[in-house]
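Structure record follows, encoded as structure tokens.
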Amino acid sequence: MTNIVRAKIAFSLSKRGRAFCFSFSKFSTRICKVVVVMLSRFQHILIPLDFSEKNQAALDVGFELAVTNQARVTLLHIIETIDLPDDPEVEQFVEHLQQRADRELEFRAQRFAEANVIVDWKTRVGKRSHEIVAYEIEHNIDLIVLSSHPVDPQRPGGGLATLSYQVAILARCPVLLVK
């Protein structure tokens, strides 16, 4: 039984093409290998980041897709806004967050640049789901690679308010959720 392999198939279809993702994992070793077969190339990949550890999986998958497809990548960080009256201290704080985010994005972009992937990074201020989808539309993104969390089978509707769910529903291009 240790050689039994479980296969999961995810399918995404859009106006621009099709992507098939096959994930194979062995029960005994819990090793997971992902093989991606592309029927049409993704040329511009958006990877939204919040700099948490869970983003590493999305970065890794986005990197592999970019290298395989010779795609351009944009790393995007959104600074979430809160409704406060105009205050110079708040503006100064947001400016500090933007500078810090730019440094973090530049650091993560180095890996892509070293692999000869065209990469840029942007920081925006606003509501996260709105800004990600707006960027996707404005820049003709072909694929969004976004980290997500596993859904609890006991509470299947518990993740409906998450950022990944909102982006997956609102985006016009395919969205690859990486868990």
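The values are calculated or read from the model by the stated rules, or taken from the named source; none is laboratory data. What you are looking at is a predicted structure, and each value in this text was computed from that prediction instead of being measured. Please note: Cβ atoms are built from the backbone with ideal geometry, for glycine as well, and neighbour counts cover all protein chains shown.
Observations, loosely collected:
- Among (1) touching a Pro at 6+ places or on another chain (Cβ under 9 Å); (2) farther than 26 Å from Ala161 by Cβ, the one test that Leu76 misses: (2)
- Restricting attention to the stretch 51-75, the residues being among the hydroxyl-bearing types (Ser, Thr, Tyr) and in contact with a Leu (Cβ under 7 Å, 6 or more places away or on another chain) number 1.
- Tally of residues being under 15 Å from Lys122 (Cβ atoms), of a type outside the set (Asp, Glu) and crowded, with 22+ Cβ neighbours inside 10 Å across the stretch 134-152: 2
- Subset of the stretch 40-54 [farther than 10 Å from Ala71 by Cβ, assigned to a strand (DSSP E or B) and not hydrophobic (A, V, I, L, M, F, W, C)]: Pro48
- Candidate set: the stretch 115-137, residues that are over 13 Å from Ile47 (Cα atoms) and hydrophobic (A, V, I, L, M, F, W, C); chosen: the one modelled with the lowest pLDDT: Val125
- Tally, over the stretch 98-138, of residues that are closer than 13 Å to Ile79 by Cβ and touching a residue at least 24 places away in the same chain (Cβ under 8 Å): 13
- Enumeration of residues in the stretch 68-98 that are at pLDDT 90 or above, under 12 Å from Val125 (Cα atoms) and within 21 Å of the chain's Cα centre (by Cα): Leu76, His77, Ile78, Ile79, Glu80, Leu97, Gln98
- Identity of the residue in the stretch 56-89, in contact (Cβ under 8 Å) with a residue 24 or more places away in the chain and more than 15 Å from Phe112 (Cα to Cα), that ends up surrounded by the fewest Cβ atoms within 10 Å (Cβ to Cβ): Glu80
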